[in-house]
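Undergrad: Would you mind keeping the following structure in view while I ask a few things?
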Amino acid sequence: MALFNLKINGKTYKADVDGNTPLLWVLRDHLDLVGTKYGCGIAMCGACTVHINGEATRSCVLPVSTVANATIATVEGLSETAEHPVQQAWDEVDVPQCGYCQAGQMMTAAALLSKNANPSDKDIEDAMVGNICRCGTYHRIHDAVKLAAVKMKK
Amino acid sequence: MSNIQSRRDFLKSTATAGGGLVLGFSWFTTEAFKPKVLANTAADVIDFNAYLAISPSGIVTIFSPNPEIGQGIKTAFPIVVAEELDADWEKVKVEQSPLDTKKFERQLTGGSGAIRHSWERLRKAGATARAMLVEAAAKKWSVPVSECTTSKGFVMHSSGKKLSYGELATAAAQITPPKDVKLKATKDFTLIGTSVKGIDNKDILRGKRLFGIDYKVEGMLQATIQRPPAFGLKLKSFDATEAKKMPGITDVVSFGNKVAIVGKTTWEVMQARKAVKIQWEKDKDLESSTDHDRIFKEMLNSTTPTVQRKDGDVEAAFKNAYKVIEAEYQCPFLPHSPMEPMNFFAHFKGDSIEMAGPSQTPQAAQGQIAKMFNLAPEKVTIELTRMGGGFGRRLNTDYAVEAAELSSIIKAPVKVTWSREDDMTGGIYRPAVRYRFKASIDKAGNMTGYMLHGASINAGNSTRQDNFPAGAVENLLIQSNDYKSPITTGPWRAPITNFLAYAEQAFLDEVAMAGGKDPIQFRLELLDKAQQRPVGKITYEPNRFREVTKLVAEKAGWNKKKKGVFQGFSVYFSHASYVAQIAEMAVVKGKPVLKKVYAAVDCGIVINESSARNQVFGAVVDGLGHAMYGNITFKEGAPQQDNFNKYRLIRYNEVPEIEAHFVNNGVDPTGLGEPALPPTGGAIANAIFKSTGKRLYNQPFSEQGATLG
Ligand code: FES
Ligand code: FES
């Protein structure tokens, strides 16, 4: 066990855990940040996507010890009030079915848009291909990423 | 027409077949539905009936009884109530009801049946409250009810006076609910048929605690369970000495062939599980996929299959045929793979038990758990969480029951979470099936005989004997065999038809082409026959079948496409809805590439356009993805795929363009969670055949050389 001071969504969280514990489970079990989801545990589905220093990263295979000094963002940090352009776009396009994968989808999209304000269809595809949606909302995810890009410019 | 069941009878009988449901509109006859003023939390809330309450501040709370799995029921049900109530949707609050068998019937998500079952009672719930509010206003103003109208949460009088529902709620609650209440004409709907955003969108998008896997109470323990690694094995012994010493672990116990590791956090119990040494022993046959291939052949050669339906004399038809066409189609077992793995919370308290989690069928879970502990059902309370998908998996109660059992053993509140590997290897798969088809045609290409033999592993009757083309063929034989295997199976989105539709629709194309007929024309002729001179009983309405067929042909420009575009057609009736699809392929660098899928859907009245489209798109993507890739194979009882690195799900870059059209014929709404899936595989297989000349007889297609994207 070791004590970690984690910088998440602009706040500092303390967690007394084994350093090998994946960030996903620290968020979910220790810090009550359950928006980040478990889907596969082997970096294949994207449900657990968070931002580490601005990069979309799979938290299910990321030992907490490696992010002790990193800037971490989770879905809860997009916006408390769902006003982040990505959240707004996701709502307007009415993307979710079950909704379970959508935190990961949005975090992937938000990381893409923060670096690339005008993503091409190919750019979007390259970013989103790692996130599975079992309900098959891919068409709406595409539309929502496009809409979010427009919103971010305003 | 005489032997086509009337719509009403059909609905009644399917509802009853679905599990002894009592139809009828009974909610305001029971005690629970007398209006009463509840001294609730912040503001007083006045209950009008099981579905709705109005607070004096004007907030209308609509209770949604059925579990939300992503099909949009938690938005759709309230839309129907709000429509008849004439509520202001912006001021409607929706709450998920816990399991309450006194207030609600059929708190179930399955069979695409929720809307069908509740359509009328939801409308009456809204309309009755509206009538009470109008009467209260009329009394206050001393005017006749007929001079009052309602809109967006207000009662208005022709003089211009108006009162909000909130202002009227207390007085309205004193009025006896009318027994017969007039419902709106469908043309007067203002909310139904529009696009309403998912009621939980904002919470989902902010990452709120909504799903079963997020559930938490103070002092709750976490558990993971090791189940037998192969079907046919049972627990012999285990040694948890090391595991018990690991950090955070509180207990390791075994029950029912399982070993449960209990501790403080999910990660710790997952780690400790690896340290438990377990011995398994053989209990039943340890089957491999090669055994299944052999078993299928044996069943198809059986001389004593169960005859499901027999019309005319199929053997004579085959003997006198101009041509006989034969083919066999096979599909593998499939896991459901909802994104949220199985999980359930249980807190056993001796004389009662509290449960919470994602269940499509909480009432069944309640019954089984009550029985296990010899408790009255009402002593088992179940909170319904949002479900991260289910696709039929959560119609099984195993994961809820085991959580209850574990809690009773360790005497503590506990949540059991399945890993993806547990979820994928734990069984309750879509059953594997092989179908043999045989058909005869005359010189003109008309189908004179049709035989279907279903051979299945743990599927029961793998046919739908009264479905199309039954009724449209003079000589028909539908029969089945089933093999009992230790591999557990269960319903998978659009049970049976998720594969039967593919096999049948591909085979019908083979028959049409053997007779030189256009595939759509061939089906339309059969449907004409079923309409005009039906043979035996039929469960479908040929007219509606025809309508979706024609609509999709028109939208996709059937037979009108330029060179290089290859179209495949498929149409299916399931869960009381009709869906026709056309898939379009192009050949790029010698390979067929799926470009587009058109869908024409008759699900009666569309309640929420946005959600309906989402369901149709999702079902097409699901049907496509699993037809392309889905496969679980076995070696000595052990599933060979255990996570998404070995089991492929369709991804963002692999979906074709989709275009969906709704017939919207004003007929009472039917289901939409499943019906758009069954036709997809057939449409694609038929398009692949057109573009390559290769007929795909087995799923998954990818193992026969098909690629996507
Ligand atoms: S849970 Fe991390 S990628 Fe699937
Ligand atoms: S919305 Fe259900 S998994 Fe994506």
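Undergrad: Could you sort the residues of segment A:36-77 by number and keep only those whose accessible area is reduced by 10 Å² or more in the all-protein-chain setting relative to the chain alone, 1.4 Å probe?
TA: At a threshold of 10 Å² (probe 1.4 Å), the residues of segment A:36-77 that become less exposed are A:37, A:38, A:39, A:40, A:42, A:44, A:45, A:75, A:76.
Undergrad: Take segment B:293-359, drop everything but the C-alpha atoms, weight them equally and run the Debye formula without solvent; then report log10 I(q)/I(0) at 0.14, 0.17, 0.18, 0.23 Å⁻¹ to two decimals.
TA: -0.75, -0.89, -0.94, -1.19
Undergrad: What does the charge count around residue B:226 come to, taking other residues whose C-beta lies under 10 Å from its C-beta (Lys +1, Arg +1, Asp -1, Glu -1)?
TA: +3
Undergrad: Could you point to the residue in B:336, B:566, B:368 farthest towards the positive end of the protein assembly as shown's charge dipole, with +1 and -1 charges on the Cβ of Lys/Arg and Asp/Glu respectively?
TA: B:566
Undergrad: With just the Cα atoms defining each centre, how far is segment B:264-302 from segment A:26-88? Give it in Å.
TA: 34
Undergrad: Separate question: Note down the magnitude of the dipole of segment A:85-153 about its Cα centre, charges +1 on Lys and Arg C-beta and -1 on Asp and Glu C-beta and zero elsewhere, to the nearest 20 debye.
TA: 120
Undergrad: Multiply the residue separation of residue B:444 and residue B:550 by 0.36 nm, subtract the distance between their alpha-carbon atoms, and state the gained length in nm to one decimal.
TA: Length gained, residue B:444 through residue B:550: 35.9 nm.
Undergrad: Relative to the isolated chain, which residues of segment B:406-428 have their accessible area cut by 10 Å² or more in the presence of all protein chains (1.4 Å probe, heavy atoms, no ligands or nucleic acids)?
TA: Buried on complex formation: B:420, B:421.
Undergrad: Could you tell me the total accessible area buried at the A-B interface, probe 1.4 Å, in square angstrom to the nearest hundred?
TA: Chains A and B together bury approximately 4800 Å².
Undergrad: Can you pull the accessible area of residue B:75 for me, 1.4 Å probe, Å² to the nearest 10?
TA: 10
Undergrad: May I pose another question? Please work out the C-alpha center-to-center distance from segment B:314-383 to segment A:94-130 and express it in whole Å.
TA: 34
Undergrad: Here's something else I'd like to know. Which of B:519, B:485, B:497 sits farthest toward the positive end of the charge dipole of segment B:468-525, with +1 on the Cβ of Lys and Arg and -1 on the Cβ of Asp and Glu?
TA: Among B:519, B:485, B:497, the one farthest towards the positive end of the dipole of segment B:468-525 is B:485.
Undergrad: I've got another one for you. How many angstrom lie between the Cα centre of segment B:240-255 and the Cα centre of segment B:461-511?
TA: 47
Undergrad: Taking every pair of alpha-carbon atoms in chain B, give the share separated by more than 52 Å as a whole percent.
TA: Of all Cα-Cα pairs in chain B, 16 percent lie more than 52 Å apart.
Undergrad: Calculate, for segment B:518-613, the solvent-accessible area per residue in square angstrom, rolling a 1.4 angstrom probe over the heavy atoms of the protein chains.
TA: It amounts to 36 Å² per residue over segment B:518-613.
Undergrad: Once you list every other residue whose beta carbon is under 10 Å from the beta carbon of residue A:115, what net charge do they have if Lys and Arg are +1 and Asp and Glu are -1?
TA: With Lys, Arg at +1 and Asp, Glu at -1, the neighbours total -2.
Undergrad: Put +1 on the Cβ of every Lys and Arg and -1 on every Asp and Glu Cβ in the protein assembly as shown; which of B:707, A:106, B:228 then has its Cα farthest towards the positive end of the dipole?
TA: Toward the positive end, the furthest listed residue is B:707.
Undergrad: I've got another one for you. To the nearest whole number, what is the average tally of beta carbon atoms from other chains within 10 Å of the beta carbons of peptide A:127-134?
TA: What the average comes to for A:127-134 is 6.
Undergrad: Which of the peptides B:664-674, B:228-238, A:137-147 is most tightly packed, and how do the rest follow, judged by the mean count of other Cβ atoms within 10 Å per residue?
TA: A:137-147, B:664-674, B:228-238
Undergrad: Evaluate the Kirkwood expression for the hydrodynamic radius of the protein assembly as shown, namely the inverse of the mean inverse distance over all pairs of different C-alpha atoms, and round to one decimal in Å.
TA: After inverting the mean inverse Cα-Cα distance, the result is 28.7 Å.
Undergrad: What area, in nm² and to one decimal, does the C-alpha convex hull of segment A:85-153 cast on average over all directions?
TA: Orientation-averaged projected area of the Cα hull: 3.8 nm².
Undergrad: Under a point-charge model restricted to the Cβ atoms of Lys and Arg (+1) and Asp and Glu (-1), what is the dipole moment magnitude of the protein assembly as shown relative to its Cα centre, in debye to the nearest 20?
TA: Using Cβ point charges on Lys, Arg, Asp and Glu, the protein assembly as shown gives about 860 debye.
Undergrad: For peptide B:633-644, what's the mean number of Cβ atoms from other chains within 10 Å of each residue's Cβ?
TA: Averaged over the peptide's residues, the number is 1.
Undergrad: For segment A:2-77, give the share of DSSP beta bridges that are antiparallel, in percent and rounded to the nearest 5; count only bridges with both residues there.
TA: Among the beta bridges of segment A:2-77, antiparallel pairing accounts for roughly 90 percent.
Undergrad: What is the magnitude of the charge dipole of chain A about its Cα centre, with +1 placed on the Cβ of each Lys and Arg, -1 on the Cβ of each Asp and Glu, and no other charges, expressed in debye to the nearest 20?
TA: 200
Undergrad: Also, I was wondering about something else. When ranked by the protection proxy of mean other Cβ atoms within 10 Å per residue, highest first, what sequence do the peptides B:565-572, B:373-380 form?
TA: The peptides rank, most packed first, as B:565-572, B:373-380.
Undergrad: Taking every residue in B:648-657, how many Cβ atoms of other protein chains lie within 10 Å of its Cβ, on average?
TA: 6
Undergrad: Give me the distance in nm between label points sitting 7 Å out from Cα along the Cα-to-Cβ direction at residue B:488 and residue B:288, one decimal.
TA: Computed distance between label sites residue B:488 and residue B:288 equals 2.6 nm.
Undergrad: What number comes out for accessible area per residue over segment B:284-385 if the probe is 1.4 Å? Units Å², please.
TA: On a per-residue basis, 45 Å².
Undergrad: Around residue B:314, with a cut-off of 11 angstrom between Cβ atoms, what is the net charge of the other residues, counting Lys and Arg +1 and Asp and Glu -1?
TA: That sum, taken over residues with Cβ under 11 Å, equals 0.
Undergrad: Ok, one more. If I model a spin label at residue A:117 and residue B:175 as a point 7 Å from the Cα along the Cα→Cβ vector, what separation in nanometres do I get?
TA: 5.8
Undergrad: State the dimensionless ratio Rg/Rh of segment B:87-239 (Rg: radius of gyration of Cα atoms; Rh: Kirkwood radius).
TA: Radius of gyration relative to Kirkwood radius: 1.17.
Undergrad: Between residue B:302 and residue B:159, what is 0.36 nm times their sequence separation minus the Cα-Cα distance? Round to one decimal in nm.
TA: Stretched out fully, the residue B:302 to residue B:159 stretch lengthens by 43.6 nm.
Undergrad: How large, in percent, is the carbon and sulfur part of the accessible surface of chain A at a probe radius of 1.4 Å?
TA: 50
Undergrad: Would you mind checking B:102/B:152; B:282/B:646; B:91/B:162; A:14/B:245; B:319/B:690 for any pair whose Cα atoms are more than 19 angstrom apart?
TA: Too far apart for the 19 Å limit: B:102/B:152; B:282/B:646; A:14/B:245; B:319/B:690.
Undergrad: Grab the Cα-Cα distance for residue B:698 and residue B:146, subtract it from 0.36 nm times how many residues apart they are, and report the gain in nm with one decimal.
TA: Using 0.36 nm per residue and subtracting the Cα-Cα distance, I get 192.3 nm.
Undergrad: Moving on. For chain B, which whole-number percentage of the solvent-accessible area (1.4 Å probe, protein heavy atoms only) is attributable to carbon and sulfur atoms?
TA: The computed percentage sits at 50.
Undergrad: For segment B:128-147, list residues with backbone N below 17 Å from a point placed 7 Å from the Cα of residue B:183 toward its Cβ?
TA: Residues B:128-131 fall inside that zone.
Undergrad: Arranged from highest to lowest average of other beta-carbon atoms within 10 Å per residue, in what order do the peptides B:677-683, A:80-86 appear?
TA: Averaged packing, sorted descending, gives the order B:677-683, A:80-86.
Undergrad: Mind jotting down a quarter of the surface of the convex hull over the alpha carbons of segment A:2-77, in square nanometres, one decimal?
TA: Quarter of the Cα hull surface area: 4.1 nm².
The values are calculated or read from the model by the stated rules, or taken from the named source; none is laboratory data. Computed from a predicted model, the values in this text were never measured in an experiment. Note that each Cβ is placed from the backbone with ideal geometry, even for glycine, and that neighbours are counted across all protein chains shown. Surface areas here come from the heavy atoms of the whole protein model, side chains and all, with no ligands, DNA or RNA. Shrake-Rupley method; radii C 1.70, N 1.55, O 1.52, S 1.80 Å.
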